[in-house]
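Q: The structure under discussion is supplied below as structure tokens; questions concerning it will follow.
The values are calculated or read from the model by the stated rules, or taken from the named source; none is laboratory data. What you are looking at is a predicted structure, and each value in this text was computed from that prediction instead of being measured. Please note: Cβ atoms are built from the backbone with ideal geometry, for glycine as well, and neighbour counts cover all protein chains shown. Ligands, DNA and RNA are stripped out before the accessible areas are found, and what is left, the full protein with its side chains, is counted by its heavy atoms. Shrake-Rupley method; radii C 1.70, N 1.55, O 1.52, S 1.80 Å.
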Amino acid sequence: MAVLVRAGAAPMMWLGFTAAGVGLFLPGLTGRWIGLYAGAALFLITAACVAVVRRSRYRALEAGAVRAARGDFLQDRAVTVRGRRRAYRWWLLLAWVAATVSALAVPAAGGLLLAGAGAGLWLKAGLIGRRESAADVLWWVPVEWVPRGRPAGPRVEGYRTTGPAAGDAAPGGAGRR
């Protein structure tokens, strides 16, 4: 489940930082320094908000988690990440274009906002990983419940659990070493 959360973090952060970098070359309407300060504030606020949003839904699903049955299909980490990124690639491209164009008004702010959303997802995956490590389980979402990769969406009825030795993902959705 944390793999789904973590999969969108890296593309958002890289695209956000590239849009912010492009914005630093444009003077904009407000000037570079005001845009950079506004972007830094937006980065921190967005990262904090994304990290805590839907927290109660995640906890409720974690509390109702049951052990994965033999018939449950739990997807490989690489397949999950690839599917998640494919499902949202056009939205990410549109967000990057919007962040880059917004640099004409407020340099770097839009890019840092997008990067803050990615950092918030990364932080959320880390918090989930700490809870997985404390409970000594990995939480999974059956593949048929998340066609577009929403780990706490309305179609998700509950999580499945396995031990940390199962699968190829470490707690928090990172790759296994």
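Q: Net charge within 10 Å of residue 160 by Cβ-Cβ distance, Lys/Arg positive one each and Asp/Glu negative one each, not counting residue 160 itself?
A: 0
Q: Moving on to the next point. Which value in deg cm²/dmol, rounded to the nearest 500, describes the helix-derived mean residue ellipticity at 222 nm for the chain, given -39,500 (n - 2.57) per DSSP H run of n ≥ 4 and division by the residue count?
A: Taken over the chain, the calculation gives -19000 deg cm²/dmol.
Q: Cβ neighbours within 10 Å, averaged per peptide: list 42-52, 102-112, 10-20, 24-34 in order, most packed at the top.
A: Ranked by mean Cβ neighbours within 10 Å, highest first: 102-112, 10-20, 42-52, 24-34.
Q: Another question, if that's okay. Specify the angular offset, from 0 to 90 degrees and rounded to the nearest 10, of the alpha carbon long axis of helix 89-102 from the longest principal axis of the alpha carbons in the chain.
A: 20
Q: Could I ask something else about it? Find the accessible area per residue for the chain; the probe is 1.4 Å, ligands and nucleic acids are left out, and the unit is Å².
A: Using a 1.4 Å probe on heavy atoms only, each residue of the chain averages 54 Å².
Q: Counting only protein heavy atoms and using a 1.4 Å probe, what share of the accessible area of region 1-50 belongs to carbon plus sulfur, as a whole percent?
A: Roughly 85 percent, rounded to a whole number.
Q: So if R0 is 45 Å, what FRET efficiency would residue 37 and residue 72 give, r being the distance between their Cβ atoms, rounded to the nearest 0.05?
A: FRET efficiency, residue 37 to residue 72: 0.40.
Q: Length gain on complete extension for the stretch residue 90 to residue 134, per 0.36 nm per residue less the alpha carbon to alpha carbon distance?
A: The residue 90-residue 134 span can extend by a further 12.2 nm.
Q: Please list the radius of gyration and Dmax for region 109-165, considering alpha-carbon atoms only, with Å as the unit.
A: 14.0, 42
Q: Compute the distance in nm between two label points, each set 7 Å from the Cα along the Cα-to-Cβ direction, one at residue 44 and one at residue 30.
A: 1.5
Q: Between the helical axis of 9-24 and the dominant principal axis of the chain, each derived from Cα atoms, what acute angle in degrees is found, rounded to the nearest 10?
A: 0
Q: What share of all Cα pairs of region 1-72, in percent, falls into each consecutive 10 Å distance bin?
A: Distribution as computed: 14, 34, 24, 15, 8, 4 percent.
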